[in-house]
1. Among LEU142, LEU158, LEU188, which is within 54 Å of the chain's Cα centre (by Cα), modelled with pLDDT of 85 or more and either aliphatic (A, V, I, L, M) or on the phi > 0 side of the Ramachandran plot (or both)?
2. If you go through region 145-152 one residue at a time, do you hit one that is assigned by TED's automatic domain parsing to the domain that holds ALA187 and over 20 Å from LEU183 (Cα atoms)?
3. Within the bounds of region 161-172, is there any residue that is touching an Asp or Glu at 6+ places or on another chain (Cβ under 8 Å) and touching a residue at least 24 places away in the same chain (Cβ under 8 Å)?
4. Please pick out the residue among THR95, THR198 that is modelled with pLDDT under 85 and assigned to a helix (DSSP H, G or I).
5. Got a sec? Which of ARG154, ARG135 is under 17 Å from LEU186 (Cα atoms) and among the basic types (Lys, Arg)?
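The values are calculated or read from the model by the stated rules, or taken from the named source; none is laboratory data. Predicted model, so just to flag it, every value in this text is computed and none were measured. Glycine also receives a Cβ, built like all others from the backbone with ideal geometry; neighbour counts cover every protein chain displayed.
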Amino acid sequence: MTCGSPRAASMEEAAAGSGGGSPALGLALGELLGDECYADFLREDFDVKTYTSQSIHQAVIAEQLAKLAQGISQLDKELHLQVVARHEDLLAQATGIGSLEGVLQMMQTRISALQSTVDRIRAKIIDPYNKIVSRTAQLAKLQAACDLLRRIIRILYLSKRLQGQLQGGSREITKAAQSLNELDMLALPERISLKNSTPLRS
């Protein structure tokens, strides 16, 4: 077990300078921190297993436990004295924390209200807009389907007429050519020529 570590000495000096106007308080705390039995606990590289192994090896477990219990009791007293000496500051900080919690609660309430407003705007504007877009797309498809049906009806009519014209021989050849040209113009958007496609059946 090491004694008189530099960290222990620095903490002792800090304790001696504290105490809120209570020299006895700072002195008692400085003596506690300066005790060689507690020096190991102030080290940054303190290891519980190493400390326990050393205590067992040196056969001073009972003595160390008693000393630690005494130190804990002393620290409890010092903590109580610190609270009593600085109760006004602690109360002020507690009040400040309470005020901060109130502000946070108010902000949370306003955020919730803002979210509700956004949801209402979404319901009044965005959802109807999406429905309009969907209905517009449906209408465009319906119009395209109607246009296609009109084309099909006209094609069926011209096909029947063309068949009759072809049966009329050379007398109807001019009219048959006109019907064939109109059929070609009414072809699908891909503009596939009817001359290269399968003839339509009536």
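1. LEU142
2. Going through region 145-152, the residues assigned by TED's automatic domain parsing to the domain that holds ALA187 turn out to be 145-152.
Next, only the ones that are over 20 Å from LEU183 (Cα atoms) stay: none.
No, because not a single residue in region 145-152 is assigned by TED's automatic domain parsing to the domain that holds ALA187 and over 20 Å from LEU183 (Cα atoms).
3. No, every residue in region 161-172 fails to be touching an Asp or Glu at 6+ places or on another chain (Cβ under 8 Å) and touching a residue at least 24 places away in the same chain (Cβ under 8 Å).
4. THR95
5. Residue meeting the stated conditions: ARG154.
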